[in-house]
Amino acid sequence: MAFDSLSDKLQNIFKNLRGKGRLTEADVKTALKEVKMALLEADVNFKVVKQFIKSVEERAIGQDVMQSLTPGQMVIKIVNEEMVSLMGSETTEIALKSGNEITVIMMAGLQGAGKTTTTAKLAGKFKSKGRKPLLAACDIYRPAAIEQLRINGEKQGVEVFSMGTNNNPVDIAKAAIQHAKNNNFNVVILDTAGRLHVDEDMMAELQHIKQEIAVDQTILVVDSMTGQDAVNVAATFNEKIGIDGVILTKLDGDTRGGAALSIKAVTGKPILYVGMGEKLSDLEQFYPDRMASRILGMGDVLTLIEKAEAQIDEEQAKKMGEKLKKAEFDFNDFLDYMGQIKNMGGIGSILNMLPGMGLGGQMKNMTVPDDAEDNLRRTEAIIYSMTAKERANPDILNPSRKNRIAKGAGVDISEVNRLVKQFDQMKKMMKQMPGIMKGAKKGRFRL
Ligand code: GDP
């Protein structure tokens, strides 16, 4: 599948980042150097990569990130955000005029890019949105192209306007628009001729159409399999005829993905749709955020990170940070901490966010044990069975106290021992993280 190789490489780099409790500037720089290589190998435009790495580095080497509790996650989050922004941030809809006013769309692209197929796919999309599209066959050089458009139009239940190969494209387009007016079509899609390579005649013809006809949207179809060529083609078309957006085809294939990441940055024009197969239904709206998640192989992890940011109570975290500083962290705080975990949707939903446990991490295939939530409840029961003094001073927990607590909570004494041990470990671990105080104060990641 598309992006597989890039995705694998990035996930490996992130696995290393996530596994580290603390990050140095050198760690981040090394990781970003690897990200840079991975992007270049995926055929992302060199200038785009350079700017991208610079933006990520500027943000990632800040104090907030390095001293947060989960710096690895923070860096990944920044990479994700910059990647979304690289692809245009928002989804761009093709602007259509309202009511019965006709929107004229000109499709352009090199031969073989998938223009004719995409034209029919797009007509299907408009139709499903309640529009009445008309396809106009303006490729007068290849009778086969006209026939292909006719067949695809028929499959989509969309009329195809054709005047054969003996008229010029401008006249055909004009006649098609007139036909649309007479028959209440409100979108006219012009399927123009492509060439094997960018050439002057083709550009001149497209310019001519735009001079003679009020084209509302010029959409370029490019083949993602051609990598940087696709980007160069997009830049040239934009320069010569002006384009409003790009449809990137064949993303279902084994493409390395560079075009998807470079087109917006190089041309300033958004990707509107992506072709995901040969069938006429295989056209998907382009979502920069979903595409970035897919490339980074992150799934829902990012949502969980946002959730954590939103859910953890600022004041509580601040207080906990202060307590840790003074090594006063006790079982009452442990209870608060567990409460926060529950607020975030339980153990299962936060598992992926913990360093080394992310979807791309070593524990990729780990599932949450069924009894994880049950363990949480038992832990709570144990703590509730402690006296106020014991909760505040865990050090006084001798065997006879532990025995009493175990009976009170209805668990075996070994469970109490395990919890006390875990608690000690957690306390130690947290003390080893010098960034926690600043992270907590800033209201940043505090898991
Ligand atoms: P045109 O010369 O630009 O009009 O290209 P065509 O529409 O004839 O498409 C060229 C070939 O690419 C055809 O075999 C299409 O079925 C195929 N094609 C177009 N879009 C996609 C896509 O998104 N995925 C795949 N796998 N094939 C596509």
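No lab work stands behind these numbers, since they all come straight from the coordinates. As the structure is a computational prediction, the values presented were derived from the model and not from experiment. Cβ: placed from backbone, ideal geometry, glycine included. Neighbour counts: every protein chain shown.
Annotations
- Each residue of region 48-60 was assigned a 3J(HN,Hα) from its phi angle through the Karplus expression (A = 6.51, B = -1.76, C = 1.60, θ = phi - 60°), giving 4, 4, 4, 5, 4, 4, 4, 4, 5, 4, 4, 7, 7 Hz with x at Gly and Pro.
- Within a straight-line Cα-Cα reach of under 15 Å, Lys132 can be paired with the following aspartates and glutamates, leaving aside sequence neighbours fewer than 8 residues apart in one chain: Glu101, Glu154, Glu159.
- Rounded to 5, the percent of DSSP beta bridges in region 103-286 classed as antiparallel: 10 percent
- Residues with amide H under 5 Å from that of Gly109, placed H, sequence gap 5 or more: Val221
- Percentage relative contact order, region 4-86, counting C-alpha pairs under 8 Å, at least six apart: 39 percent
- Computed from the Cβ-Cβ distance with R0 of 45 Å, the FRET efficiency linking Gln63 to Gln228 stands at 0.75.
- For region 103-286, the Cα-based Rg and Dmax, in that order, read 15.0, 46 Å.
- Over region 115-215, equivalent-ellipsoid semi-axes from the Cα gyration tensor in Å: 21, 15, 12
- Alpha carbon centroid spacing (whole Å) that separates region 195-232 from region 38-103: 27 Å
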